[in-house]
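In what follows, a single structure is set out as C-alpha cells and then discussed.
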Amino acid sequence: MPVKRVAILSYPHVALFELACAVELFGLPRPEFGSWYRCDVVTFEEGALETTAGLLLQSRKVKDLADYDMLVVPSWPVNSEMISAEIAESIGAFHTSGKRILSFCSGAFLLAELDIFEDRSVTTHWRYADIFKSRFSHLNYVDDVLYIYDGRVGCSAGSAAGIDLGLEIIRQDFGYAVANQVARRLVVSAHRLGGQSQFVETPILEVPNQFSEAIDWALIHLKEDIDVNDLASRANMSRRTFDRKFRSSFNLSPKAWLIQQRLEKAKRLLESDIISVEKVADMSGFDNATTLRHHFRKQLSISPVQYRQQFAAQTES
C-alpha cells in the first residue's frame, strides 16, 4: 500500500499524554515492517509551543495540511471556541477532500466546532460529555463507548481509548498481524471493540480472578459450543451476577460478546489464510457458513467473501 503521511496537530498547552499516544502509534519508526506511516507533529503557530510544566515543544510549522493523508487531533481546549482561520480552513479543506481525521479525547471539541461530525455519531471522554452535549446539542452523541470510526472520521473517549482507535486504524491499514505486534510493543490489549464501555468496574485486577480466567478460557475455546451458564460456573458466579459483571465490564451481554469475538477471529482467518468460508465458520465457532454470513452482514454489512476481497485490495494497493 502507498505510504500514508500522518499529521498530528499540536498547539500551545496540547495534552502531552494524548500527543505521545498518537506519536507512539503512528510516528515511532518500525523497521520490522516493510511499509509504515510517515508522521509529523505539526503546528500552525510560530516558534516553540509551551506545554505542561513549562515544557517547550518544537513542532513542524505548516500553512496547510495538503501534504498529508490522515490528521490526528490529540486534544483541544474544552472551554475555548477560538479557532484560527488557518486551522479552520486547513481542516475544512482536508475533510472536504475525503481524507481521514481522528480525534482523541477532547480533540472532538475542535472537530465539532468545524462541523466535521455533521450526520455522524460522536463521543468524547465521559467527564466532558455534559459540556459537549450542551454545546453541540444537534449532534448524535453516543455515551459510554471507547471509540467510533466510520471509515473516514473517528473519535475516541478517554486518552487510552485513543490507543484502541489507533490500533483499529492500523489493523484496517495493515491487518491483524501488524496491529497485534504494535499492541504487544505498547504492552496493551491487541484489540478492544469501540462499543465496549468506558466504565470498567475493575479496570486493574490486583490478582488473577475466576472471572478473568473464564474470559481467557472462552477466548481460547471459541471454536467450541460455549454455554453462558458454564462460563458463569467457571467464574464461580451465579448466572445473574455473571451477566451483571459482564455488562459492567464490556457493555455487552455474554452472548453478544461471544459473537463479536468469533467475528474477530473469523476476520483474522479471512485476512491471513486462503481457506473456505465454511472452514472459517467452523474454526471461529459458528454453527455453519450461513450463520457466519448472517452475523457478518448484521454487524459489518458485508459478506465474508467481500471482507476478504476488501482486505486483499487494501494490502495490494
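The values are calculated or read from the model by the stated rules, or taken from the named source; none is laboratory data. What you are looking at is a predicted structure, and each value in this text was computed from that prediction instead of being measured. Backbone-built Cβ (ideal geometry, glycine too); neighbour counts: all protein chains shown.
For residue 21, state whether it is in contact with a Gly (Cβ under 8 Å, 6 or more places away or on another chain), modelled with pLDDT under 95, within 20 Å of residue 164 (Cβ to Cβ) and not charged (D, E, K, R). I'd like the intermediate steps shown before the answer.
On the way: in contact with a Gly (Cβ under 8 Å, 6 or more places away or on another chain): yes; modelled with pLDDT under 95: yes; within 20 Å of residue 164 (Cβ to Cβ): yes; not charged (D, E, K, R): yes.
Against the criterion (in contact with a Gly (Cβ under 8 Å, 6 or more places away or on another chain), modelled with pLDDT under 95, within 20 Å of residue 164 (Cβ to Cβ) and not charged (D, E, K, R)), residue 21 qualifies.
In segment 267-277, the count of residues that are closer than 15 Å to residue 300 by Cβ, at pLDDT 90 or above and over 20 Å from the mean Cα position of the chain (by Cα) is one or more.
Quick one: which helices (runs of 4 or more DSSP H) sit completely within segment 92-179 and have at least 2 residues that are surrounded by 22 or more Cβ atoms within 10 Å (Cβ to Cβ)?
On the way: elements: 107-113, 129-135, 159-174.
Filter on segment 92-179 gives 107-113, 159-174.
Which residue out of 48, 66 is loosely packed, with under 14 Cβ neighbours inside 10 Å and within 25 Å of the chain's Cα centre (by Cα)? Quick ask: steps written out before the conclusion?
Details: 48 fails: within 25 Å of the chain's Cα centre (by Cα).
From the options 48, 66, the qualifying one is 66.
Please tell me if residue 308 is crowded, with 18+ Cβ neighbours inside 10 Å and assigned to a helix (DSSP H, G or I).
Numbers: crowded, with 18+ Cβ neighbours inside 10 Å: yes; assigned to a helix (DSSP H, G or I): yes.
Yes, satisfied.
The single condition from (1) in contact (Cβ under 8 Å) with a residue 40 or more places away in the chain; (2) closer than 22 Å to residue 171 by Cβ; (3) small (Gly, Ala, Ser) that residue 256 fails is (1). Of the residues making up segment 59-75, those that are in a loop (DSSP other than H, G, I, E, B) and more than 19 Å from residue 146 (Cβ to Cβ) number 9.
Annotation: of all residues in segment 24-52 being of a type in the set (A, V, I, L, M, F, W, C) and under 22 Å from residue 165 (Cβ atoms), the one that is modelled with the lowest pLDDT is 33. Does segment 232-244 contain at least one residue that is closer than 21 Å to residue 177 by Cβ, outside the structural domain of residue 176 (by TED's automatic domain parsing) and part of a loop (DSSP other than H, G, I, E, B)? No, there is no match, as no residue in segment 232-244 is closer than 21 Å to residue 177 by Cβ, outside the structural domain of residue 176 (by TED's automatic domain parsing) and part of a loop (DSSP other than H, G, I, E, B).
Within segment 156-189, take every residue that is touching a strand residue (DSSP E or B) at 6+ places or on another chain (Cβ under 9 Å) and in contact (Cβ under 8 Å) with a residue 60 or more places away in the chain and give me the one that is farthest from residue 19 (Cα to Cα).
The first filter runs over segment 156-189 and keeps only residues touching a strand residue (DSSP E or B) at 6+ places or on another chain (Cβ under 9 Å), leaving 156-157, 161-166, 168-169, 172.
Keeping just the survivors that are in contact (Cβ under 8 Å) with a residue 60 or more places away in the chain gives 162-163, 165-166, 169, 172.
Numbers: 162: 10, 163: 11, 165: 14, 166: 12, 169: 17, 172: 22 Å.
Per the criteria, the residue is 172.
None of 111, 146, 139 is at pLDDT 85 or above, in contact with a strand residue (DSSP E or B) (Cβ under 9 Å, 6 or more places away or on another chain) and over 28 Å from residue 93 (Cβ atoms) except 146.
Please state which one of 205, 252, 193 is outside any helix (DSSP H, G or I), at pLDDT below 90 and surrounded by fewer than 17 Cβ atoms within 10 Å (Cβ to Cβ). Can you show your working first?
Values: 252 fails: surrounded by fewer than 17 Cβ atoms within 10 Å (Cβ to Cβ); 193 fails: surrounded by fewer than 17 Cβ atoms within 10 Å (Cβ to Cβ).
Residue meeting the stated conditions: 205.
When residues in segment 16-27 are screened for being in contact with a helix residue (DSSP H, G or I) (Cβ under 9 Å, 6 or more places away or on another chain) and free of Cβ contacts under 8 Å to residues at least 60 places away in the same chain, 1 of them pass. Between 7, 22, the distinction of being in a strand (DSSP E or B) and touching a strand residue (DSSP E or B) at 6+ places or on another chain (Cβ under 9 Å) belongs to 7 only.
Every residue, every condition in (1) surrounded by 21 or more Cβ atoms within 10 Å (Cβ to Cβ); (2) touching a residue at least 40 places away in the same chain (Cβ under 8 Å), yes or no:
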{"site": "31", "(1), (2)": "no, no"}
{"site": "39", "(1), (2)": "yes, no"}
{"site": "43", "(1), (2)": "yes, no"}
{"site": "53", "(1), (2)": "no, no"}
{"site": "75", "(1), (2)": "yes, yes"}
{"site": "85", "(1), (2)": "no, no"}
